[in-house]
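We did not get these values from a lab; they are worked out from the coordinates using the rules stated. These numbers were taken from a predicted model, which means no experiment stands behind them. Cβ sites come from the backbone with ideal geometry, for glycine too, and all protein chains shown count toward neighbours.
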There are 4 protein chains.
Amino acid sequence: METAILLISCPDRKGILARITSFIAENGGNILHADQHIDFQKEIFFMRIEWTLDGFKIPKDRIEEAFSPIAREFSMNYQLHFSSEVQNVAIFVSRYDHCLYELLYRFKAGELKGNLKFVVSNHTDLRSVVEMFGVPFYYFPKTKENKLEIEEKEIELLKGEGIDLIVLARYMQILSERFVNEFRNRIINIHHSFLPAFVGAKPYQRAYERGVKIIGATSHYVTEELDQGPIIEQDVVRVSHRDTVDDLIRKGRDLEKIVLARAVRWHLENKILVYDNKTVIFD
Amino acid sequence: METAILLISCPDRKGILARITSFIAENGGNILHADQHIDFQKEIFFMRIEWTLDGFKIPKDRIEEAFSPIAREFSMNYQLHFSSEVQNVAIFVSRYDHCLYELLYRFKAGELKGNLKFVVSNHTDLRSVVEMFGVPFYYFPKTKENKLEIEEKEIELLKGEGIDLIVLARYMQILSERFVNEFRNRIINIHHSFLPAFVGAKPYQRAYERGVKIIGATSHYVTEELDQGPIIEQDVVRVSHRDTVDDLIRKGRDLEKIVLARAVRWHLENKILVYDNKTVIFD
Amino acid sequence: METAILLISCPDRKGILARITSFIAENGGNILHADQHIDFQKEIFFMRIEWTLDGFKIPKDRIEEAFSPIAREFSMNYQLHFSSEVQNVAIFVSRYDHCLYELLYRFKAGELKGNLKFVVSNHTDLRSVVEMFGVPFYYFPKTKENKLEIEEKEIELLKGEGIDLIVLARYMQILSERFVNEFRNRIINIHHSFLPAFVGAKPYQRAYERGVKIIGATSHYVTEELDQGPIIEQDVVRVSHRDTVDDLIRKGRDLEKIVLARAVRWHLENKILVYDNKTVIFD
Amino acid sequence: METAILLISCPDRKGILARITSFIAENGGNILHADQHIDFQKEIFFMRIEWTLDGFKIPKDRIEEAFSPIAREFSMNYQLHFSSEVQNVAIFVSRYDHCLYELLYRFKAGELKGNLKFVVSNHTDLRSVVEMFGVPFYYFPKTKENKLEIEEKEIELLKGEGIDLIVLARYMQILSERFVNEFRNRIINIHHSFLPAFVGAKPYQRAYERGVKIIGATSHYVTEELDQGPIIEQDVVRVSHRDTVDDLIRKGRDLEKIVLARAVRWHLENKILVYDNKTVIFD
């Protein structure tokens, strides 16, 4: 059963909700999910609304046109998606394999709705794992010197293959501003700390040294500033004085893969709206 | 700023949401919160919608009348509340004082929006605590023999004082069917286990004997069947082989008071809908 | 650096700890970990103690003999292990693959210290997955009629290959008492509920119907009675009225694989003592 | 039943554990709890050991003398405590009352083992609450100008009353280095964030602005540097885009009081060892 999904944000005003829901009802749509949120401080209205296309009087390819007067009237930013769309995904990875396996498994099991087109790495270590799952593997050896040049090749590949979402599954390279701008709000990273604690390198080592009693992991969209992008999901696990840095790393791995997988799922199901360097998750 | 709140459940049908939101919009209401849920298995639509009365064209005491044609058309069960209403609350307690203190504090601090009218107990142990907070205390000594008779007196007091919500804060007496029926979905109990595990007496002892690694607490509406009513909230805490029964009791106390306080808050803010022995929490 | 590990339980008495630690110290052992626990209700002493063999005066194959007088004096049950030992493991699986993948990955990644010798299934669905990881796969088609007969063949295989631990990774068959007795405290199962809630079939369906606000998973040793064996580990995740049975199943999968993997790791690292249908976890 | 408790830290060496436990066993002590930990990176040995004095051959007031040769031999830092000792406690508070109530209740209920001698505040708002619980209240109005002078009076009061532990229950004043030095590792603070995230002022506001999905609270010993002292306990709660700053404050209150109460309990039960700006919690 195919559905249409509208993701909307606009200045908050009286009557928005009635206008949107009437548009759907008058055209014979059956609303399955409607989730709205108002940021009262900034006076912004957010909505995710999903309805069945079966019986909807407006053909799929005319919905955008039919909706646009409402969008203009309320100065909306909006995205229109269809449940039949499947996004193309690329994974970037370095040498750690736990997040990669998790994603490979979830795509294969159909739990993540998306076309996993290929995996890119700056090392060859994980080629055999990727190929074991029948997924193409591209090796792009990056150095300080050739970074921008290599990135151009990566961008070319990503655009050529129509990639919609890039997942950094413990990819140990910082992307250039140019790269980030090409895929604004379409690159998800997993950081192995409870942000904003321990931004940057070696968070488990620093968590150990600080003597924290809980560690975390954070998935977020990538922006120019390191580990400063909109947070999508976080989770934590308890540690104690008995845990060495290696224990933190081991416990953290289980967090990282879950927290990254949740973010990827929400993105692929069009459940995330980004604004003001934050996320609204319509889960 | 006064608001109106509609809690609605009805058979799911096309156009409900548009109809409700248009009713509010056309009369000049500004929707603050709108949260809906559809149980697709049972085809039931649920909604909590809250809008400002300032500028709303229909006077408060005519809203119900104005809304009733829509309610009839869609065969709705609905409740209309106003943010200015404050519910009257009675607490029932036996000898354990941790939940009692928590509620006394939260009412006093204004965190729980409600009129705490009095506390009822089948023991006198906690009289001084209750009176320390300036709250009237009623002692109803119950025995097997006089239980129904005493309950009648309690019901008389509760009705006389216009009590809307009864909170059993570790009240170690089972209420009769007659009593429960008088306050259907208006009696909240805290059970000191993760229901449906360990229904009935001595749940911590039994959790210890079973060797569980996590214990819990459950707040629920009281029904005729012991510990079988609609669950409102649950929470858990980790335990280990090192924990004795006394440790479980101590750890459990911290759960019980939090889990009970959350349920009371949601009830007083009209955020709970009961159906099919379950709850929808519009939080 | 090789270590020896003693797991001890005995009636609690003065001087046990001094006796054990002196035995190690006098023979030049360096204690790395010492963890003890006393069940004061049952007056039982438990200990896990690990020391380096480098510099230890008693040769590995004489330690048991040297320790036995102490063991007799205190009426100890004890197990002596060496860090160099690697246990042989077999996984039993039916059709769900999430726990299987998790274990295959963790064994491959070296996170689980053990020889994964083979996988047994009553279906052929997962053969290709298992073989993708280079692990032998045995298909034993079980029916009501041939169950005991097939089990004999399985036992023969398990014994022939020297299997120390059997992991039921969502194996949808109940093992006979005969089978369980052959591998007492050496069969780990994952049950997809927070035991003792929802023993038996369809726990997610029943959790949904009961309207719980938290679901869980439990790993335990298998005994004759279904889902009644000693609990090793449990974990939980929050759910709401928005979650369908399918959502519970999806959320539960992530719990199941983590909770099972933790139990397997502790078992393989000799960190579990079973007594009185409970576990002591020396983590 | 009176017990003795030794808290020990020293350079790690062979034979320590045997030496300590033999000392107790040879003198007829019955060990109730023994918990040790080795920091392998820094090669430090930590221990908490508790034994019954009933039947112990050395009189209470001679134990220290008898143990001192062992302490010297192994270059130990150690503290000797007795279960019969009760520490004197003072609470410092400003205007928020949730942590104060929690502590007042727990001391009154006997859950916290300690003599709550008095409460100090830089405001008079909470005088009536404190006196309602029958606890003396001291008002010390602090300004930028008189801060050091007032602190001298506070120190005089604290020393005069033999205060062992100071609990800052949301005390909104930074203590001087002089004050901190007088009560090294004996001042516990609650910080309303998940340290090291959001050190300093307005952590909930900043958590909201950063868009985190989980908030936390941290109890720690106070050192010269703001929010940099050894962390004792942390806990967290999930938040979402729906939560305003006020919601974070409300949810955070429930964390703060629990996290502070746990730290106070462990301290009063002599379960905390501080080293290297971290804590070992023998729980």
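The table below lists the values:
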item: Chain A: calculated mean residue ellipticity at 222 nm from DSSP helix runs of at least 4, using -39500 (n - 2.57); result: -10000 deg cm²/dmol
item: Label point 7 Å beyond Cα along the C-beta direction, distances from D:Leu148 to other copies (nm, shortest first); result: 5.5, 7.8, 9.0
item: In nm, spacing of pseudo-spin labels at A:Glu73 and A:Arg242 (7 Å Cα→C-beta vector); result: 6.4
item: Residues A:Cys10, B:Cys99, sorted so that the one with the fewest Cβ neighbours within 10 Å comes first; result: A:Cys10, B:Cys99
item: Relative contact order (%) - criterion: Cα under 8 Å, at least six apart; region: the stretch B:46-180; result: 28
item: Virtual paramagnetic centre 7 Å along Cα→Cβ of B:Ile150, amide N under 17 Å, in the stretch B:87-129; result: B:91-96, B:119-127
item: Simple Cβ-charge dipole of the protein assembly as shown, Lys/Arg +1 and Asp/Glu -1, about Cα centre, in debye nearest 20; result: 0
item: Estimated dipole of the stretch B:3-82 in Debye, rounded to 20 [Cβ of Lys and Arg +1, of Asp and Glu -1, Cα centre]; result: 140
item: Percent RCO, i.e. relative contact order, over the stretch C:3-82, from Cα pairs under 8 Å lying at least 6 residues apart; result: 46
item: Likely footprinting exposure, A:Leu80, D:Leu103, fewest C-beta neighbours within 10 Å first; result: A:Leu80, D:Leu103
item: Chain C residue with Cβ closest to the axis mapping C onto B, distance in whole Å; result: C:Ala197, 2
item: Shape metrics for the stretch D:215-266, restricted to C-alpha atoms - Rg then Dmax, Å; result: 12.4, 37
item: Cβ-placed point charges (K, R +1; D, E -1), dipole of the stretch A:112-249 about Cα centre in debye, nearest 20; result: 320
item: Residue-wise HN-Hα coupling along the stretch A:35-48, computed from phi with Karplus coefficients 6.51, -1.76, 1.60 (Hz; x: Gly, Pro); result: 9, 10, 8, 10, 8, 5, 5, 9, 6, 10, 9, 10, 8, 10
item: Farthest positive-ward along chain D dipole, Cα basis, beta-carbon charges - from D:Tyr208, D:Val264, D:Val129; result: D:Tyr208
item: FRET efficiency estimate (nearest 0.05) - Cβ-Cβ, D:Tyr139 to B:Lys57, R0 51 angstrom; result: 0.45
item: Rounded to whole Å, sorted largest first: equivalent-ellipsoid semi-axes of the protein assembly as shown, Cα gyration tensor; result: 47, 41, 32
item: Overall form of the stretch D:128-283 per C-alpha gyration tensor (a/c, 1.5; a/b vs b/c); result: prolate
item: Rounded if a/c under 1.5, otherwise prolate or oblate - the stretch C:3-82, Cα gyration tensor axes; result: prolate
item: Peptide A:100-108, shielding by other chains (average Cβ, 10 Å cutoff); result: 3
item: Length-normalised contact order for the stretch B:88-281 - Cα pairs under 8 Å, 6+ apart - percent; result: 20
item: Along principal axes, Cα extents of chain A, largest first, whole Å; result: 60, 41, 35
item: Least to most buried among B:Trp51, A:Trp266 (fewest other Cβ within 10 Å first); result: A:Trp266, B:Trp51
item: Entries of A:Lys60/A:Lys159; A:Lys42/B:Lys60; B:Lys213/D:Lys42; A:Lys113/C:Lys213; B:Lys213/C:Lys257 with Cα pairs more than 21 Å apart; result: A:Lys60/A:Lys159; A:Lys42/B:Lys60; B:Lys213/D:Lys42; A:Lys113/C:Lys213
item: Prolate/oblate/rounded label for the stretch B:195-283 (Cα gyration tensor, a/c 1.5); result: prolate
item: Beta bridge orientation in the stretch B:88-281: antiparallel %, DSSP, nearest 5; result: 50
item: Chain D: DSSP helices with Cα axial extent of at least 27 Å and average Kyte-Doolittle hydropathy no lower than -1.0; result: D:245-268
item: Distances in nm from A:Phe82 to the matching label points in the other copies, shortest first (labels 7 Å along Cα to Cβ); result: 4.9, 6.7, 8.3
item: Straight-distance crosslink candidates among lysines, where the alpha carbon sits under 21 Å from D:Lys153 and sequence neighbours closer than 8 are dropped; result: D:Lys117, D:Lys142, D:Lys144
item: Separation of the A:Lys202 and A:Glu225 label points, Cα + 7 Å toward Cβ, nm; result: 2.4
item: Percent of beta bridges antiparallel (DSSP, the protein assembly as shown, rounded to nearest 5); result: 70
